[in-house]
Amino acid sequence: PVEVREKLSFPRASLEEALTRFKPPDGSCPYAAEGIILSTCNRLEVY
């Protein structure tokens, strides 16, 4: 449904902040070396 997709969308302005959560600069998350967010009008994938 559209309501769910709206809640899961990543506006361009917030993508950089969201990506920094994969690998914080202070090294507090040692398990993720990198990450990707694929956000289109109909889907959202986070790797």
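The values are calculated or read from the model by the stated rules, or taken from the named source; none is laboratory data. The model shown is predicted, which means the values in this text are computed figures rather than measured ones. Please note: Cβ atoms are built from the backbone with ideal geometry, for glycine as well, and neighbour counts cover all protein chains shown.
For the condition in a helix (DSSP H, G or I) and of a type outside the set (A, V, I, L, M, F, W, C), Glu17 qualifies.
Hey, can you tell me all the residues within segment 1-45 that are of a type in the set (A, V, I, L, M), out of contact with any Phe, Trp or Tyr (no Cβ under 9 Å at 6 or more places or on another chain) and modelled with pLDDT of 80 or more? Don't jump to the end; show me each part of the working.
Our first condition is that a residue be of a type in the set (A, V, I, L, M); within segment 1-45, this holds for 2, 4, 8, 13, 15, 18-19, 32-33, 36-38, 44.
Applying the additional criterion that residues be out of contact with any Phe, Trp or Tyr (no Cβ under 9 Å at 6 or more places or on another chain) yields 2, 4, 8, 13, 15, 19.
Across segment 1-45, the qualifying residues are Val2, Val4, Leu8, Ala13, Leu15.
Beta carbons closer than 7 Å, at least 6 apart along the sequence or on distinct chains, pair a first residue in segment 31-43 that is within 18 Å of Ala13 (Cβ to Cβ) and without any contact (Cβ under 8 Å) to a residue 60 or more places away in the chain with a second that is hydroxyl-bearing (Ser, Thr, Tyr) and surrounded by 10 or more Cβ atoms within 10 Å (Cβ to Cβ) for Ser39/Ser9.
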